[in-house]
1. Take the Cα coordinates of the range 28-176, assign each an equal point scatterer, and use the Debye formula without solvent to give log10 I(q)/I(0) at q = 0.12, 0.15, 0.19 Å⁻¹.
2. Starting with the fewest neighbours, write out Asp144, Asp111 ranked by other beta-carbon atoms found within 10 Å of each beta-carbon.
3. Scan the range 106-169 for trypsin sites (Lys or Arg not before Pro) in coil per DSSP, keeping those whose Cβ has at most 15 other Cβ atoms within 10 Å, and list them by number.
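None of the figures in this text is laboratory data; all of them are computed from the coordinates on show. Predicted, not measured: the structure shown is a model, and the values here were computed from it. Don't worry about glycine lacking a Cβ; one is built from the backbone with ideal geometry, like all the others, and counts go over all protein chains shown.
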Amino acid sequence: MLPKLASMAFAAPLLLAACATPEPKSSIEKFAHTALIDATGNTVGEATLIANGSVIELAAEVFGLSPGEHGIHVHTTGKCDAPTFSTAGGHLNPNAHKHGTMNPAGPHMGDLPNIVVGANGTGSIRTTLVGASEELRAAMFDADGSAVIIHAGPDDYKTDPAGNSGGRIACGVVTIMKS
């Protein structure tokens, strides 16, 4: 009787494990990336686009920047010609909204909260982009691509077209990551 009882005790956890529902696969997918460069060509950070269910998030880390708040936006064109990065165009705005989260008509796709840089020159942000995943992907990865820009000063979240955030101090062309 004892050997039979011992074999049942051994088999029970195996049977329970076989009946357990497998954990669902994560819906979080890092799918696009950029290195952020300053006007002299030095890398000052990186940004990653993350699909999280039906939304897209931007996660960015920066270093070597002046302390304080800096505007960070997604721009319409995937081109980063130094020193002004004006080739990146304006903010991603396919629906022709006014600028800023404080705008009663709602922000445009390229609007993001400011990134805060600490006294040590580093900062990070993870935020949800405005718009549905399919619409964002179509706008960002059209024929001329898109870029992430960091500005010299903070975005005031209301002044059209760019939040009065000053000059462009870093830029990165967004590219789809190979799986």
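1. For the range 28-176 at q = 0.12, 0.15, 0.19 Å⁻¹, log10 I(q)/I(0) is -0.42, -0.67, -1.13.
2. Starting with the residue having the fewest Cβ neighbours, the order is Asp144, Asp111.
3. Details: sites: Arg126, Arg137, Lys158, Arg168; in loops: Lys158.
Answer in residue order: Lys158.
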